[in-house]
Structures are given as structure tokens and as C-alpha cells.
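The values are calculated or read from the model by the stated rules, or taken from the named source; none is laboratory data. All of these numbers come straight from a predicted model, not from anything done at the bench. With ideal geometry, Cβ positions are generated from the backbone for all residues, glycine too; neighbour counts draw on all protein chains shown.
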Amino acid sequence: MSTGGLVLLLSGPNLNLLGEREPEVYGTATLDDHVAAATSAAVALGLTLEHVQSNHEGDLVEAVHGARGRAVAIIVNAGALTHTSWSLHDALAAFDGVVVELHLSNPAAREPFRHTSTIASVADGCIAGFGGLGYPLAVEAVSRILADRR
């Protein structure tokens, strides 16, 4: 299934430390490994993937603003900002493409503060708890949603 278009993959704070930070929770793969898996999946589905990682909330908000009118979808692993960032929520709400929330771990099975997502209400869906497999799954979800909307 080929849908075409640009997909923005957003990675929030501390995801640059994947592979080193809490490997028992997040695994040993690096962010570069996950981006490569997502890129491969995107290419196979006729999509182009662009990745932005920042430890700064405002940079992620700016990336969402920059995707408006340019990208067909955003996959967002906002890290801890998932639970606190209303500015990222508002930016994503103003984006008129597909939004997929992504987590390596399953927030619902972790500490209570992780059970709330500010992003969930503006996302088409959430992929969580599948580790690195979540990245190609998120790309596949984007592709299928786009195909259904055409």
C-alpha cells in the first residue's frame, strides 16, 4: 500500500539517551536504531520520514507548526511531555493530518502519573508497549489511516 507524503517523527526529551537510559524499561536499541526502523517502514510504504528530536518543549511545538501544510502525518513519542505538555497538545490539535502517539513502554502499566496523556485526545491512536516494534507499527498505522481517508 503506497500513500505518499511526508511523515514527521517527533522524539521528546531524553529519548536521545535510548540504549543507555533504563534499558530494562526502554531496551538497548538507540534512537537512531528506532528512526532507521521507522524510515525503512516508511520507504516500503511509499512515505518519506523526517525526524526531529529535542529536549526542549518549544522546539517540538515549532516542529509541529512547521509540519502544517507540509506533512501528511506526525508520529510523536513525546517522552515525559506526554503527561504535561498542553502546548504540544494545542499544536497537534492545529495540525490537520494524522497523529499517532507512540511509546516504547506501556504507560498504563507504569507509575500513576504516566497514565494521563495530554496528547491522546488529539491523536488518531496510540501504539504503546511494543518496544522498538512500535516504530514500524506506527508508520503502518499512518499508511493505513491515510489510505482509508483517500
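The figures follow:
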quantity	calculated
Criterion violated by ALA108 - all others in (1) modelled with pLDDT of 95 or more; (2) part of a helix (DSSP H, G or I) satisfied	(1)
Residues satisfying the stated conditions in the stretch 3-30, i.e. among the aliphatic types (A, V, I, L, M) and surrounded by fewer than 20 Cβ atoms within 10 Å (Cβ to Cβ)	LEU6, LEU17, VAL25, ALA29
Elements of type strands (runs of 3 or more DSSP E) contained in the stretch 1-86, each with 2 or more residues being closer than 22 Å to SER121 by Cβ	6-11, 73-77
Residue identified as touching a residue at least 60 places away in the same chain (Cβ under 8 Å) and surrounded by fewer than 20 Cβ atoms within 10 Å (Cβ to Cβ) among GLY131, GLY66, GLY125	GLY131
Residue within the stretch 15-25 that is acidic (Asp, Glu) and under 15 Å from HIS103 (Cα atoms) present	yes
Meets criteria (closer than 20 Å to LEU17 by Cβ, modelled with pLDDT under 95 and surrounded by 15 or more Cβ atoms within 10 Å (Cβ to Cβ)) for HIS83	yes
